[in-house]
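Below is one structure, written out as structure tokens; the observations come after it.
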Amino acid sequence: MNRHPIAVIILFISYFVDLPYRLSGLELASGFFKIINIFEVCVYYAFTSFLWWMLICWISKKIWKKTKREWSWYKKIIDKIFIFLPSIYKFVLGLVVAIFIFLSIITLLVGVFHYSGADLQKF
């Protein structure tokens, strides 16, 4: 992953962008089997993305071995990415945790306490 961070980022983003489209196109079962089907699809596309990543790494390794000079611009881009990556990671992780907490509270209010929000419609 350290030698090919751009390929990792592109394939990671494409996996998460493509996954909802793949899940919406399937006819999933109901109940517990739906969760199993969703897990199976996620693992299948993660494995497929991993194979694509390995192919990209292999091709780039073959290309770089044939070149006589070093790609200094690529190393500069990678160094700049790793300067900004920790702050972006913290922001995205905080956003994911905040959304998870928000959805957990909404699920708790609706599922456990049977809150429908009807009192908000009176205003």
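The values are calculated or read from the model by the stated rules, or taken from the named source; none is laboratory data. This is a predicted model, so every value here is computed, not measured. Calculation scope for accessible area: heavy atoms of the full protein, side chains included, ligands and nucleic acids excluded. Shrake-Rupley method; radii C 1.70, N 1.55, O 1.52, S 1.80 Å.
Assorted remarks:
- Annotation: TRP52 carries an accessible surface of approximately 140 Å², with a 1.4 Å probe and no ligand, DNA or RNA atoms counted.
- In the complete set of protein chains, residue-level accessible area for TYR89 is approximately 140 Å², probe 1.4 angstrom.
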